[in-house]
Amino acid sequence: MRAFGANLLSIADLGRDGILEILGRAEELRLEAPRGGVFPGRILGLVFLQPSTRTRVGFHAAMARLGGTAIEITETKVQPGMSQPESLVDTIRSISGWCDALVLRHPSPEEFQAAVESSNVPVINGGSGCEHHPTQALLDLFAICRRFGRLEDLRIGIAGDLGGSRAARSLVEALAHFSPRELRLMSPPGRELPGSVLAGFDGARIDVRHDLAVEGLDILYMAGLPQGVGDARLDEVVRVRFRLTRARADALDPGALILDPLPRIDEIEPEVDALPAAGYFAQSREALFVRCAVLERVLARESTVLPRDA
Ligand code: CP
């Protein structure tokens with residue numbers, strides 16, 4: 001049976017009201033600290049065809065907190081753990097038959113979409129190509145709300161390989177609903193956000209820069225630079241220019257918040273971790289409640305949608 005209409009594939013699937021609903025529920029769950037009971041017997045499939053720690057294990061933990069269970073699949077086609085090589089579409093058809101929802105990560109947007117279309121149950125996007133990472137954006141917004149008590153009228157800087165960062169893109173798409181006072185986008189040349197991502201910012205002050213400038217910000221979001229090889233690997237001179245050193249962090253305004261989607265590569269020096277501004281490990285820890293809220297939304301809807309086919 002195929003359920004449809006309850007996927008969470010991008011920030012556009014939520015809109016402002018959906019974002020606020022999830023963040024409000026996450027705050028309730030943070031205070032309740034649930035430990036089982038809501039979804040006994042429900043199964044979440046974690047299909048991660050690209051490496052992940054926080055999203056994969058974080059959703060596993062969130063499902064356990066809600067009383068359900070999770071299964072993890074991290075291999076497909078010709079990987080050694082498969083009985084026989086098979087297509088991703090066939091793998092998803094099989095796995096989704098045993099689950100109530102899937103969290104899916106895939107490096108290719110096209111293969112990701114094909115997998116979504118072959119699923120019998122709702123899909124939560126756990127990261128697709130360079131384009132979407134909506135649950136990361138939600139937990140980023142939750143961290144901002146927790147520190148500032150609001151999402152609107154903030155001075156927000158985002159630094160790193162913005163063109164290659166699905167976390168940065170989804171965060172910017174989400175921020176379009178909350179009228180930042182300033183959006184400062186800092187990337188090496190050629191690594192800027194695509195203009196289409198900025199379409200929702202009518203009249204907002206957007207500053208595109210090719211250096212790391214931290215003064216006058218409420219929030220500094222360190223999206224990081226790729227660790228890859230060849231063309232994807234940026235020269236060390238560039239990496240140093242975009243690294244938040246302890247000395248640079250000292251130039252942040254009092255009360256500023258540093259966020260990072262993690263994993264950290266080299267974009268923040270470990271010496272910054274002890275500063276009051278360093279919010280990235282709290283951001284990661286409290287993401288648990290955002291993931292619980294996302295699961296509640298998707299699984300509650302899943303139980304009410306009509307089957308499309310057998
Ligand atoms: N931020 C994030 O998506 O982390 P993982 O790659 O560890 O899931």
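Computed values, structure above
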item: Which listed residue is at pLDDT 95 or above and assigned to a helix (DSSP H, G or I), from V89, V121, V103, V172; result: V172
item: Pair list, Cβ under 6 Å, 6 or more apart: the stretch 169-188 residue at positive phi, other residue of a type in the set (D, E); result: S179/E152
item: Residue in the stretch 185-196 that is at pLDDT 95 or above, assigned to a strand (DSSP E or B) and in contact with a strand residue (DSSP E or B) (Cβ under 7 Å, 6 or more places away or on another chain) present; result: yes
item: Residue tally, condition buried (at least 24 other Cβ atoms within 10 Å of the Cβ) and of a type in the set (D, E), over the stretch 123-138; result: 0
item: Residues (over 17 Å from L8 (Cα atoms), assigned to a helix (DSSP H, G or I), touching a residue at least 40 places away in the same chain (Cβ under 8 Å) and within 16 Å of the ligand (Cβ to nearest atom)) located in the stretch 20-66; result: R54, A61
item: Check on G24, surrounded by fewer than 19 Cβ atoms within 10 Å (Cβ to Cβ) and at pLDDT 95 or above; result: yes
item: Close pairs from the stretch 230-252: first modelled with pLDDT under 95, partner among the small types (G, A, S) and part of a helix (DSSP H, G or I), Cβ under 9 Å, at least 6 apart; result: A232/G164
item: Qualifying residue in the stretch 141-154 (condition: buried (at least 23 other Cβ atoms within 10 Å of the Cβ), under 18 Å from the mean Cα position of the chain (by Cα) and of a type in the set (K, R)); result: no
item: Among residues of the stretch 246-270, those that are charged (D, E, K, R) and within 11 Å of the ligand (Cβ to nearest atom), counted; result: 2
item: Residue in the stretch 192-199 that is hydroxyl-bearing (S, T, Y) and under 30 Å from L31 (Cβ atoms) present; result: no
item: Pair list, Cβ under 6 Å, 6 or more apart: the stretch 114-127 residue touching a residue at least 24 places away in the same chain (Cβ under 8 Å) and on the phi > 0 side of the Ramachandran plot, other residue within 16 Å of the ligand (Cβ to nearest atom) and in a loop (DSSP other than H, G, I, E, B); result: G127/H133
item: Close pairs (8 angstrom Cβ cut-off, 6 or more residues apart or separate chains): within 11 Å of the ligand (Cβ to nearest atom) in the stretch 281-292, outside any helix (DSSP H, G or I) and not hydrophobic (A, V, I, L, M, F, W, C) anywhere; result: Q283/D260
item: Selection from the stretch 124-136 of residues that are outside any loop (DSSP other than H, G, I, E, B) and touching a Pro at 6+ places or on another chain (Cβ under 6 Å); result: N125, S128, Q136
item: Restricting the stretch 62-76 to residues that are more than 14 Å from L29 (Cα to Cα) and of a type in the set (D, E, K, R), the residue that is surrounded by the most Cβ atoms within 10 Å (Cβ to Cβ); result: E72
item: Criterion: at pLDDT 95 or above, aliphatic (A, V, I, L, M) and part of a strand (DSSP E or B) - qualifying residue of I144, I156; result: I156
item: Where I71 falls short, out of the listed (1) in a strand (DSSP E or B); (2) within 16 Å of the ligand (Cβ to nearest atom); (3) of a type in the set (A, V, I, L, M); result: (2)
item: Residue selected from the stretch 98-122 under the condition more than 16 Å from the ligand (Cβ to nearest atom) and within 14 Å of E72 (Cα to Cα), by the criterion surrounded by the fewest Cβ atoms within 10 Å (Cβ to Cβ); result: W98
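The values are calculated or read from the model by the stated rules, or taken from the named source; none is laboratory data. Source: prediction; values computed, not measured. Cβ: placed from backbone, ideal geometry, glycine included. Neighbour counts: every protein chain shown.
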